[in-house]
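Undergrad: Dropping a structure here in structure tokens format, bear with me for questions.
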Amino acid sequence: MCALVGIDPPRHRSKSMASNLETVILWRDAARIFEEEVLPYIIAEHEQDGVIDSIARHEAWNNWTDALCKDGEISDWQYENWTHPPCCG
């Protein structure tokens with residue numbers, strides 16, 4: 001625990017490279033999966049008025065790719081360098 005602010009310091013994990021992962025998801029596949037499986041929830045939650053909420057879409061993409069990285073489905077490089085898909089606006 002950090003004595004100065006009373007919180008635990010962040011845990012550092014080793015960087016993962018695509019070559020160290022059993023399988024990796026390509027950006028085009030990740031974008032398709034996001035659009036088919038994640039985006040409908042964002043639309044239902046944040047776009048009831050029919051107006052695209054690009055901020056919610058960008059945040060959802062960031063959160064989703066962060067989870068993919070932490071689960072070892074994409075490398076750190078992929079997480080840090082992938083752009084948002086067109087469906088994010």
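Undergrad: Quick test of your reading of the structure: residue 66 fulfils all but one of (1) modelled with pLDDT of 95 or more; (2) buried (at least 18 other Cβ atoms within 10 Å of the Cβ); (3) not small (Gly, Ala, Ser). Name the failing condition by number.
TA: (2)
Undergrad: So in region 72-89, with the set limited to residues that are hydrophobic (A, V, I, L, M, F, W, C) and free of Cβ contacts under 8 Å to residues at least 60 places away in the same chain, which one is surrounded by the most Cβ atoms within 10 Å (Cβ to Cβ)? Can you show your working first?
TA: Within region 72-89, the subset hydrophobic (A, V, I, L, M, F, W, C) is 74, 77, 82, 87-88.
Restricting the remaining residues to those that are free of Cβ contacts under 8 Å to residues at least 60 places away in the same chain gives 74, 82, 87-88.
Details: 74: 25, 82: 18, 87: 18, 88: 22.
If we take residues in region 72-89 being hydrophobic (A, V, I, L, M, F, W, C) and free of Cβ contacts under 8 Å to residues at least 60 places away in the same chain, then 74 is surrounded by the most Cβ atoms within 10 Å (Cβ to Cβ).
Undergrad: Looking at region 14-22, can you tell me whether even one residue there is in contact with a helix residue (DSSP H, G or I) (Cβ under 9 Å, 6 or more places away or on another chain), outside any loop (DSSP other than H, G, I, E, B), at pLDDT 80 or above and not β-branched (Val, Ile, Thr)?
TA: No, there is no match, as no residue in region 14-22 is in contact with a helix residue (DSSP H, G or I) (Cβ under 9 Å, 6 or more places away or on another chain), outside any loop (DSSP other than H, G, I, E, B), at pLDDT 80 or above and not β-branched (Val, Ile, Thr).
Undergrad: So which residues in region 52-82 are more than 15 Å from residue 33 (Cα to Cα) and β-branched (Val, Ile, Thr), if there are any at all?
TA: 52, 55
Undergrad: In addition: Restricting to region 32-63, and then to whatever is of a type in the set (S, T, N, Q) and assigned to a helix (DSSP H, G or I), can you tell me which residue is surrounded by the most Cβ atoms within 10 Å (Cβ to Cβ)? Walk me through it before giving the result.
TA: Keep residues of region 32-63 that are of a type in the set (S, T, N, Q), which gives 48, 54, 62-63.
Subsequent filtering for residues that are assigned to a helix (DSSP H, G or I) retains 54, 62-63.
Values: 54: 12, 62: 14, 63: 11.
It comes out as 62.
Undergrad: In addition: Condition check: at pLDDT 95 or above and surrounded by 14 or more Cβ atoms within 10 Å (Cβ to Cβ). Does residue 25 satisfy that?
TA: On the way: at pLDDT 95 or above: no; surrounded by 14 or more Cβ atoms within 10 Å (Cβ to Cβ): yes.
Against the criterion (at pLDDT 95 or above and surrounded by 14 or more Cβ atoms within 10 Å (Cβ to Cβ)), residue 25 does not qualify.
The values are calculated or read from the model by the stated rules, or taken from the named source; none is laboratory data. Please read these numbers as outputs of a predicted model, since none were measured by experiment. Note that we place each Cβ from the backbone using ideal geometry, even for glycine, and neighbour counts take in every protein chain shown.
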